[in-house]
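K.L.:
Can you keep this structure in mind? I'll have questions shortly.
The values are calculated or read from the model by the stated rules, or taken from the named source; none is laboratory data. Quick caveat, the model's predicted, so the values are computed rather than measured. Quick reminder, even Gly has a Cβ in these numbers, built from the backbone with ideal geometry, and neighbours come from all protein chains shown.
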Amino acid sequence: MSYSVARGKLAEGVLERIPVRRRHALAGYMFIAPALVFLFVFALLPFLFTIYVSLHDWNMLTPIPTMPFVGLSNYTYLITQDPLFWQTFVNTVEFALGDVVISTSLGLAVALLLNTRVRLRGLWRAVYFMPYVTSSIAISIVWANIYNPSYGLLDGVFQLLNLPSQPFLSSPGQALISVIIVSVWHGLGYYMVIFLAGLQNIPAELYEAAKVDGAGAWHRFRFVTVPGLRPTLLFVVVVSTLSSLQVFDLTYVLTNGGPVNATNTLVLYMYNTAFNFLKMGRATAMAVLLFIVIFGMTLVQLRLLRERE
Amino acid sequence: MSARSVHLQRASVSLLKYAVLVAGGLVMLAPFIWMVSSSLMMPREILARPLVWFPEDPRFSNYAALSHAVSFGRMYLNSLIVTVATTLGILLSSSLAGFGFSKFRFPGRDVLFVMVLATMMIPFFVVLIPVFYIVHLLGWVNSYLGLIVPNLVTAFGIFLARQYMLGIPDELLDAARIDGASELGIYWRIMVPLSGPVLSALAILAFVYQWNNFLWPLVVIRSDSLATVPIGLNSLRIYASSPDVVNLQMAGATLAIIPVIAVFLLLQRYFVQGIAMTGLKG
């Protein structure tokens, strides 16, 4: 460090009387202060407030000091007396599982294809990535019409292929998988781009060395590509799990949780509990429970994927 | 194996590869094509069986009819104001804090940085209700301030900027200090220009995220005059829900999607680099 060098050259002034080291520290605080104030007011404080509200009965209209303390009863109600909470929980986990597995593997497959010698790579990449930049609300409106059982595009195509009409979003049995398909279509390009970057980060020398040693295409994939891609895979799995457990836009627009709650997911249920029924205590308890699930899953995934390294 | 059969095998593998890419590409594009095509159809063409792919006589008047239902100009303006303001805020706050965390030593620095990382683990839905309440107490419900201010700082942005700035050599800063540069001058003339790649990546991610953001505006906006594009589309969906106005829904979706795709195609390289970069840093 060269504060002492800098000190010699500094002009005389009021600041000069403060030791340089302390002035340096002061500057550091000044640079981080604005961001920290915002994070405190709009993230950390609200987080603590969520936990606090979850132990109370609150409709957001009564002043904070008068809200009655109810202990853990919001949690026990959700866990022991609210079948809808469990149904949305199972829906959310099923959605996340399907979404993560399918988008991650398709994203990886397209990335592997585009990583070979292929013409018009930029064009293909653009085509697969395009849905990701578009508004989830706009594409949900389009897909709701694509799935329409009487006039939708899919029904028309099924008819051309002599397949029977399907209810898609309007049947409890097909609705969730139909939403998953939209989510995969929307997000797969993002994972493809990250996988492509990961693939290009694997040094070409490794492949050449393997080739010299007589490794075939499969062995090069198994012993060079797979280990080289592990950190990328870790990132993609963690990020996609995080985002699909929070699904809201798609289920809100495509089905609004229906039919008969077959696609009701936790964040959607929380939103309705809070802003339609004004049960803030119960809604914040849901938020805390889902947060614990997300946090736990992230830790488990990090541990599992790290161990194998 | 003869040279000829090896050649044949290679050609068929390559053919298969392109067949897969084309088939997948069609699936990716078909929703967009049908969206534009049906936005120009008469309702009976959309309802027709067997399926009609393209309108016999494109009806651009659907778009005029749409403009009676929702004000797209206003929605675009609102989205633009909110997205540009939040993106600039995120760039400024992330670069300032990134500089502070990466190039200064002060008591409590590492503890504070761990706290920033911890807030990165808090998803937005967890704090939705309290943030709404705080905005309500500040009197910002149904206002631009309410839409913008809670999103001006992201822990992820600070993290990304700090990681990148750690790689900028200290010697550069020391040399500038010797030349009498102020810390703010060092920030603006050295750190910001040298952080171009990370800041442009951050700008693109923040822009896409804010432009498409739905949950927060849904909660904080009450009047049509403040509706952003996703909010306006959502009310259009409710307004035009019968089959004989599906073409209006599709026209609305087209107006929301096509400009974004145009911008994406123009800046594709930066999008891809930006996302690849965050993937590798994360």
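K.L.:
When residues of the range B:13-23 are filtered for being closer than 21 Å to A:Y190 by Cβ and more than 7 Å from every other protein chain (Cβ to nearest Cβ), how many remain?
P.N.:
1
K.L.:
Yes or no: A:Q174 within 29 Å of the chain's Cα centre (by Cα), away from chain B (no Cβ under 11 Å) and of a type in the set (S, T, N, Q)?
P.N.:
Criteria met by A:Q174.
K.L.:
Sticking with this one: Please go through the range B:151-190 and give me each residue that is within 11 Å of another protein chain (Cβ to nearest Cβ), outside any helix (DSSP H, G or I) and without any contact (Cβ under 8 Å) to a residue 60 or more places away in the chain, ordered by number.
P.N.:
Across the range B:151-190, the qualifying residues are B:D179, B:G180, B:A181, B:S182.
K.L.:
Another one. Is it true that A:N148 is at pLDDT below 95 and within 11 Å of another protein chain (Cβ to nearest Cβ)?
P.N.:
yes
K.L.:
Further question on the same structure: List the helices (runs of 4 or more DSSP H) inside the range A:1-92, counting only whole elements, that have at least 1 residues being of a type in the set (S, T, N, Q), at pLDDT 90 or above and closer than 23 Å to A:F275 by Cβ.
P.N.:
Result: A:45-53, A:73-76.
K.L.:
Could you say which residue among B:R237, B:R269 is basic (K, R), modelled with pLDDT under 90, within 19 Å of the chain's Cα centre (by Cα) and assigned to a helix (DSSP H, G or I)?
P.N.:
B:R269
K.L.:
In the range A:194-209, what residues are facing another protein chain (nearest Cβ under 8 Å) and not in a helix (DSSP H, G or I)?
P.N.:
Answer for the range A:194-209, where residues must be facing another protein chain (nearest Cβ under 8 Å) and not in a helix (DSSP H, G or I): just A:N201.
K.L.:
Of all residues in the range B:136-150 being within 12 Å of chain A (Cβ to nearest Cβ) and in a helix (DSSP H, G or I), which is surrounded by the fewest Cβ atoms within 10 Å (Cβ to Cβ)?
P.N.:
Here the answer is B:L137.
K.L.:
Please go through (1) surrounded by 15 or more Cβ atoms within 10 Å (Cβ to Cβ); (2) touching a residue at least 60 places away in the same chain (Cβ under 8 Å) for A:L302 and return the number of the only condition it doesn't satisfy.
P.N.:
(1) is the only condition that A:L302 fails.
K.L.:
Residue by residue through the range A:19-55, note down the ones that are within 7 Å of chain B (Cβ to nearest Cβ) and within 17 Å of B:L91 (Cα to Cα).
P.N.:
The answer is A:F31, A:I32, A:P34, A:A35, A:L36, A:F38, A:L39.
K.L.:
Considering only the range A:244-265, state which residues are over 21 Å from B:I231 (Cα atoms) and either under 17 Å from the mean Cα position of the chain (by Cα) or outside any loop (DSSP other than H, G, I, E, B) (or both).
P.N.:
Once the filter is applied, which keeps residues that are over 21 Å from B:I231 (Cα atoms) and either under 17 Å from the mean Cα position of the chain (by Cα) or outside any loop (DSSP other than H, G, I, E, B) (or both), the range A:244-265 yields A:S244, A:L245.
K.L.:
Output yes when any residue across the range A:94-116 is part of a helix (DSSP H, G or I), away from chain B (no Cβ under 11 Å) and aromatic (F, W, Y), and no when none is.
P.N.:
Within the range A:94-116, one or more residues are part of a helix (DSSP H, G or I), away from chain B (no Cβ under 11 Å) and aromatic (F, W, Y).
K.L.:
What are the residues in the range A:226-262 that are within 30 Å of A:P203 (Cα to Cα), at the interface with chain B (Cβ under 8 Å from one of its Cβ atoms) and of a type in the set (V, I, T), if any?
P.N.:
A:T232, A:V236, A:V239
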